[in-house]
Amino acid sequence: MKLLEYEAKTLLTAAGIPVPSSLLIEKKASQLPAFPTVIKSQVPTGGRGKAGGILIAKNKSEFEKATKRIFKLEINGYVPQVLLAEEKIDIDRELYLSLLVDKSTATIKLMANNRGGVEVEENSKASYFETTFDNNPSFDAIGQQLADYLDLPGKTFALQDLVENLYKCLTKNDALLVEINPLVLTAKNEL
């Protein structure tokens, strides 16, 4: 089962992974988000940004125009029933991080890249950091390896916690893939 972004973020939040504050928007919404806000189409497919399904609204007027437009926008055969209005974050860097079940080796694999976001599909397979977990993963070692690979020297402990929480999210929810794209480093140096 593929989850919509807002559903996945609920699971990530429950696992202790920080996500931007957000508000679910229905077609007859009366509640307004804080501005500026990022309005995101909630459809079970990628390419939403390139298709025009993610817009920024700085005020109520822009919000109303954007939500009206996105609610009508079909992306890869899907039309959203709900939208997500999310706090706009000042982003310094976009990274990529995922855990997945590798069926060929019956292990859990971590994949990371120092480039995430809209163009993540264009990253070379060879440019990814990859490691597999045994039954008793060392999150300390993985946090250090990730900090080195991602060039985030002061974030070893934060990455340890993030990977451990992501691992718990994957295993607790019996997921095949848990992906954070983009994993952002904010202008305030927070992951």
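The values are calculated or read from the model by the stated rules, or taken from the named source; none is laboratory data. Owing to the predicted nature of the structure, the values given are computational and were not obtained by experimental measurement. FYI the Cβ positions are ideal-geometry reconstructions off the backbone, even for glycines, and counts take in every protein chain you see. Accessible surface is based on the protein model in full, side chains and every heavy atom, while ligands, DNA and RNA are left aside. Shrake-Rupley method; radii C 1.70, N 1.55, O 1.52, S 1.80 Å.
Both numbers refer to the Cα atoms of region 24-127; Rg and Dmax are 16.6, 52 Å.
Give the range of the longest stretch in the chain that excludes all trypsin sites (Lys or Arg not before Pro) found in loop regions by DSSP and having at most 13 other beta-carbon atoms within 10 Å. Result for the longest clean stretch: 104-187. Of all lysines in the structure, those lying under 25 Å Cα to Cα from K168, and not within fewer than 8 positions of it along the same chain, are K2, K9, K103, K109, K155.
Normalised Debye scattering of region 68-109 at q = 0.14, 0.25, 0.27, 0.31 Å⁻¹ gives log10 I(q)/I(0) of -0.72, -0.85, -0.90, -1.03, counting only Cα atoms as equal scatterers and leaving out solvent. Rolling a 1.4 Å probe over the heavy atoms of the protein chains gives the chain an accessible area of 58 Å² per residue.
Seen against the Cα atoms of the chain and their longest principal axis, helix 139-150 is set at about 70 degrees. Considering the chain at the alpha-carbon level, its Rg and Dmax are found to be 17.4, 52 Å.
When exposed loop sites are taken as GluC sites (Glu not before Pro) in a DSSP loop with at most 12 other Cβ atoms within 10 Å, the longest stretch of the chain clear of them is 1-73. Annotation for region 1-48 versus region 170-191: alpha-carbon center distance of 14 Å.
Taking amide hydrogens as placed 1.01 Å from N in the peptide plane, the amide H of I108 sits under 5 Å from those of D102, F133, each at least 5 positions away in sequence or on another chain. Applied to region 53-63, the Karplus parametrisation 6.51 cos²θ - 1.76 cosθ + 1.60 on θ = phi - 60° returns per-residue 3J(HN,Hα) values of x, 9, 10, 9, 10, 9, 7, 4, 4, 5, 4 Hz, with x for Gly and Pro. Subtracting the Cα-Cα distance of T10 and D134 from their residue separation scaled by 0.36 nm leaves 41.9 nm.
Full extension of the chain between S61 and L176 yields a length gain of 37.4 nm, computed as 0.36 nm times the residue separation minus the alpha carbon distance.
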